[in-house]
Amino acid sequence: MANRTKTQFHWIKIWCVTVLAGGLVAYWLTPESGGPKPAVHAVYAQTEPRPVPGQKARIPAPELEGGVEWLNTAGPIRLRDLRGKIVLLDFWTYCCINCIHVLPDLARLEKKYANQLVVIGVHSAKFDAEKDSKNIREAILRYGIEHPVVNDAHRRIWKAYRVIAWPTFFLIDPEGYIVGRASGEGLGQVLDAAIAELIEEHRARKTLNEQPIRFDLEKFRKRHQTPLYFPGKVLADLTTQRLFIADSSHHRLVITDWQGKVLAVAGTGEPGWQDGPFDKAQFNDPQGMALDGDKLYVADRKNHLIRVLDLPRQQVSTLAGTGQQSHDRRAAGKPREVGLNSPWDLLLVGRSLYIAMAGHHQIWKLDLQQDHLAAYSGSGMEEILDGSLAVSAFAQPSGLATDGRWLYVADSETSSIRAVSLPPAGLRPPIPGEPNRGEVRTIVGMGLFEFGDRDGQGKAVRLQHPLGLAYHKGYLYIADTYNNKIKILDPGKQTCRTFLGERTPGNSDDPPRFDEPGGISIAGDWLFVADTNNHAIRVVNLQTKQVRTLRLEGLNPPTPPPPPKRPFFPEPAVVRGAPQEIASSGAIDVHGSLAIAAGQKLVAGSPMPCLVEAFQDNRSLWEEVPRLEADIGRAAFRLSLAADKLAQADLLRITVGYFTCPEKSTGVCLMQAIRWDIPVQPKADSQRRTLTLVPPATAVKKVP
């Protein structure tokens with residue numbers, strides 16, 4: 001084994017913190033010999049750490065075999081195709097809040113080490129619905145994931161790597177050996193340091209491949225150009241007949257009337273944290289809302305904030321949070337001084353704003369009169385546990401409703417509906433057949449790994465990751481998200497039945513079919529559904545059960561940011577041509593051929609960026625980004641240039657980038673670049689209007 005420095009991953013100690021139902025485990029990581037201690041806040045950590053054996057040898061990484069489908073790439077990926085790259089495996093499941101929390105860290109690492117690192121998500125599902133590649137594809141789009149993901153529906157890769165927790169990471173060096181393993185969130189700095197060391201070591205050993213790599217991302221194949229994009233929540237106001245829509249993946253709030261006429265839009269459509277006028281404000285994955293007169297409170301989930309919309313003035317401000325994810329479940333104080341952790345839903349009861357704090361697995365309360373924010377219920381342990389407000393436990397609470405005496409909670413990871421007593425404590429109606437267990441009670445649901453789709457009573461009822469909840473005339477209406485249904489629950493009798501929808505996802509009004517509905521709201525006799533994966537709001541007549549899709553008048557997707565003016569290229573192979581006389585007017589046709597390494601091929605549809613530059617005495621005259629006509633079969637391209645723009649030039653520079661993939665696989669495509677420097681002599685009497693660009697056979701090195 002080669003010597004490693006003190007922060008190398010395979011010299012770190014792995015500490016097991018606790019084991020819960022179903023074998024869930026979280027870890028602390030501590031590098032030996034005084035290395036930096038990562039800020040890991042394992043959500044399951046409830047006991048003193050105890051050591052388990054650390055890795056002491058280089059272990060060949062098992063091949064990624066057994067997945068049912070690859071996503072965000074054109075085909076299956078083999079680790080041997082990635083020799084020369086550092087590979088980071090992320091074992092995740094899309095329901096998991098901790099898995100969601102690590103995605104920004106992964107995105108930063110992918111950007112920082114774009115030419116050296118490949119991140120691969122291994123999606124090993126918890127819920128049945130998460131085994132469907134279609135649903136994983138929607139999650140990839142919703143979360144903005146830009147690395148390959150394999151659907152490990154049968155957990156074969158999970159078992160090969162002996163994984164026991166979500167999320168778990170494996171770091172694989174450029175020679176195909178596992179050099180580190182870690183579990184939990186908050187590991188960005190540790191991973192960064194380990195990757196940097198591997199780059200330094202393997203660059204020195206010349207075993208590092210730093211060619212840019214390209215994958216066929218889902219967003220380029222299935223980008224929904226719809227007015228709404230994965231709307232997470234909806235709120236209906238009976239008095240003004242307005243709808244407030246969390247257009248979550250467009251990072252904005254949309255306000256309409258009940259007929260779909262757009263009244264206002266808050267947010268630019270780009271993720272960020274910016275207060276101010278509606279058209280300048282920025283949000284990041286807004287979710288649940290609560291209306292307070294002329295104010296709309298918003299759970300700004302990825303910003304870990306509570307925002308306020310002043311509706312008459314069309315101004316946005318920040319009510320609570322610091323803008324940084326907090327791991328302090330016991331923090332309390334002024335709302336702007338207390339950090340939050342993925343607030344998912346809001347509910348206003350009197351002058352108290354209750355918050356489903358999904359990342360903390362708690363219910364929080366913001367006292368608007370006292371200007372005070374603190375946890376209200378839940379220990380912070382991820383579990384289903386009834387009892388007092390302090391001792392009880394939730395698991396990713398995501399939806400709130402009330403009858404005025406109880407606060408009802410859609411506790412998504414336990415697939416349960418919980419009841420939390422509201423002040424005063426004496427107003428607690430009994431639940432038939434259940435003993436008095438304190439301030440938090442479970443109405444239906446059994447545990448972290450007890451889920452399904454079954455109507456019935458009490459312990460017989462099964463839900464699957466419910467996210468939305470509404471109370472109406474003695475009943476709770478549930479967005480049973482992963483079952484694609486709306487259900488009705490009698491909280492007193494603990495009976496639950498399907499109201500609308502089928503377990504198979506769909507997109508139709510008659511018969512009514514939904515696709516992972518995330519939010520519901522009731523006003524009068526109307527039920528409004530945020531039909532998340534259908535990018536729609538559905539309207540249900542509670543009397544007739546008729547469903548219609550709300551047509552939004554005048555709402556367009558946000559304008560995407562302009563592409564960079566200058567394309568990116570890896571270090572190009574340079575071809576210096578002989579001087580060429582060219583015409584000084586008309587058009588110059590350029591025909592070029594590309595060098596393809598042995599065992600590689602071009603793939604139809606892959607981008608081929610081009611940059612054309614003109615110089616005079618080493619001074620840049622102009623540059624432009626033309627569109628190429630590519631001939632994939634012949635590995636050739638063509639473009640046309642205006643000769644008069646070259647009239648003063650003495651050097652024409654053309655740079656072309658292209659991607660090659662292994663002949664037997666299209667999963668891994670590496671970027672090449674060739675630059676032609678051609679001395680030119682524009683002449684009025686020249687008839688030469690064609691330039692031929694041919695690279696030498698050695699222009700592009702064979703891919704390792």
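The values are calculated or read from the model by the stated rules, or taken from the named source; none is laboratory data. Everything quoted here is computed from the prediction, not taken from an experiment. Note that each Cβ is placed from the backbone with ideal geometry, even for glycine, and that neighbours are counted across all protein chains shown.
Regarding ILE355, is this residue assigned to a strand (DSSP E or B), among the β-branched types (Val, Ile, Thr), in the same structural domain as ASP285 (by TED's automatic domain parsing) and out of contact with any Gly (no Cβ under 8 Å at 6 or more places or on another chain)?
So ILE355 passes the test.
Quick one: is GLN494 of a type outside the set (Val, Ile, Thr), more than 21 Å from SER133 (Cα to Cα) and touching a helix residue (DSSP H, G or I) at 6+ places or on another chain (Cβ under 9 Å)?
yes
So which pairs qualify, if the first residue must be in the range 672-689 and hydroxyl-bearing (Ser, Thr, Tyr), the second must be loosely packed, with under 15 Cβ neighbours inside 10 Å, the Cβ gap must be under 7 Å, and the two must be at least 6 apart or on different chains?
Filtered contacts from the range 672-689: SER686/GLU581.
Within the range 519-540, identify whether any single residue is assigned by TED's automatic domain parsing to the domain that holds MET289, over 27 Å from ASP237 (Cβ atoms) and in contact (Cβ under 8 Å) with a residue 40 or more places away in the chain, and answer yes or no.
No - not one qualifying residue is present in the range 519-540.
Note down all Cβ pairs under 7 Å where the first residue falls in the range 476-505 and is farther than 17 Å from LEU542 by Cβ and surrounded by fewer than 19 Cβ atoms within 10 Å (Cβ to Cβ), the second is among the hydroxyl-bearing types (Ser, Thr, Tyr) and modelled with pLDDT under 95, and they're at least six residues apart or on different chains.
Between residues of the range 476-505 that are farther than 17 Å from LEU542 by Cβ and surrounded by fewer than 19 Cβ atoms within 10 Å (Cβ to Cβ) and residues that are among the hydroxyl-bearing types (Ser, Thr, Tyr) and modelled with pLDDT under 95, there is no close pair.
Can you confirm whether the range 303-315 contains a residue that is touching a helix residue (DSSP H, G or I) at 6+ places or on another chain (Cβ under 8 Å), under 19 Å from ASP371 (Cα atoms) and buried (at least 17 other Cβ atoms within 10 Å of the Cβ)?
yes
Tell me, please, whether a residue that is surrounded by 16 or more Cβ atoms within 10 Å (Cβ to Cβ) and assigned to a helix (DSSP H, G or I) can be found in the range 201-211.
Checked against the condition, which is being surrounded by 16 or more Cβ atoms within 10 Å (Cβ to Cβ) and assigned to a helix (DSSP H, G or I), the range 201-211 yields at least one hit.
Restricting attention to the range 640-650, does a residue exist that is of a type outside the set (D, E, K, R), buried (at least 22 other Cβ atoms within 10 Å of the Cβ) and part of a strand (DSSP E or B)?
No.
For the subset of the range 353-392 comprising residues that are within 29 Å of the chain's Cα centre (by Cα) and among the acidic types (Asp, Glu), which member is farthest from MET446 (Cα to Cα)?
This residue is GLU382.
Please tell me if PRO607 is in a loop (DSSP other than H, G, I, E, B), surrounded by fewer than 16 Cβ atoms within 10 Å (Cβ to Cβ), of a type outside the set (Lys, Arg) and touching a residue at least 40 places away in the same chain (Cβ under 8 Å).
So PRO607 fits the description; yes.
Here are the criteria: (1) surrounded by fewer than 17 Cβ atoms within 10 Å (Cβ to Cβ); (2) within 32 Å of the chain's Cα centre (by Cα); (3) within 23 Å of VAL680 (Cβ to Cβ). Tell me which single one GLN616 does not satisfy.
(2)
Being part of a strand (DSSP E or B) and either within 18 Å of HIS591 (Cβ to Cβ) or outside the structural domain of ALA642 (by TED's automatic domain parsing) (or both) is the filter here, so list the residues in the range 680-693 that pass it.
The answer is VAL680, THR690, LEU691, THR692, LEU693.
Residues in the range 243-256: is at least one among the hydroxyl-bearing types (Ser, Thr, Tyr), modelled with pLDDT of 95 or more and assigned to a loop (DSSP other than H, G, I, E, B)?
Scanning the range 243-256 turns up no residue that is among the hydroxyl-bearing types (Ser, Thr, Tyr), modelled with pLDDT of 95 or more and assigned to a loop (DSSP other than H, G, I, E, B).
Please state which of the following conditions PHE220 fails to meet, knowing it meets all the rest: (1) touching a residue at least 12 places away in the same chain (Cβ under 8 Å); (2) over 22 Å from LEU348 (Cα atoms); (3) outside any strand (DSSP E or B).
(1)
Which numbered condition in (1) of a type in the set (A, V, I, L, M); (2) touching a Phe, Trp or Tyr at 6+ places or on another chain (Cβ under 8 Å); (3) in the same structural domain as ARG675 (by TED's automatic domain parsing) is the only one that ALA604 fails?
(2) is the only condition that ALA604 fails.
With respect to the numbered conditions (1) out of contact with any Leu (no Cβ under 8 Å at 6 or more places or on another chain); (2) closer than 21 Å to LEU253 by Cα, which one is the sole condition not fulfilled by LEU463?
Failed condition: (2).
Would you confirm whether or not the range 358-365 contains a residue that is of a type in the set (D, E, K, R) and in a loop (DSSP other than H, G, I, E, B)?
The answer is no; no qualifying residue exists.
Taking ALA153 as the residue in question, decide whether it is part of a helix (DSSP H, G or I), in contact with a helix residue (DSSP H, G or I) (Cβ under 6 Å, 6 or more places away or on another chain) and either modelled with pLDDT of 95 or more or buried (at least 20 other Cβ atoms within 10 Å of the Cβ) (or both).
no
Could you go through the range 74-83 and let me know if any residue there is in contact with a helix residue (DSSP H, G or I) (Cβ under 8 Å, 6 or more places away or on another chain) and in contact (Cβ under 8 Å) with a residue 60 or more places away in the chain.
no
Sort out which residues of the range 532-578 are within 22 Å of ARG675 (Cα to Cα) and among the hydrophobic types (A, V, I, L, M, F, W, C), and write them in order of number.
Answer for the range 532-578, where residues must be within 22 Å of ARG675 (Cα to Cα) and among the hydrophobic types (A, V, I, L, M, F, W, C): PHE568, PHE569, ALA573, VAL574, VAL575, ALA578.
Going by the structure shown, is ASP531 buried (at least 21 other Cβ atoms within 10 Å of the Cβ) and charged (D, E, K, R)?
yes
Within the range 619-628, track down each residue that is exposed (fewer than 12 other Cβ atoms within 10 Å of the Cβ) and within 17 Å of LEU693 (Cα to Cα).
Passing the criteria: only ARG627.
In the range 640-653, what residues are closer than 16 Å to ARG688 by Cβ and among the hydrophobic types (A, V, I, L, M, F, W, C)?
LEU641, ALA642, ALA643, LEU646, ALA647, ALA649, LEU652, listed by residue number.
Determine if the range 585-605 includes at least one residue that is under 30 Å from ASP81 (Cα atoms), at pLDDT below 85 and hydroxyl-bearing (Ser, Thr, Tyr).
no
Table: residues versus (1) under 30 Å from VAL668 (Cβ atoms); (2) at pLDDT 85 or above; (3) not in a loop (DSSP other than H, G, I, E, B).
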| site | (1), (2), (3) |
| --- | --- |
| ARG551 | no, yes, no |
| PHE568 | yes, no, no |
| VAL574 | yes, yes, yes |
| LEU611 | yes, yes, yes |
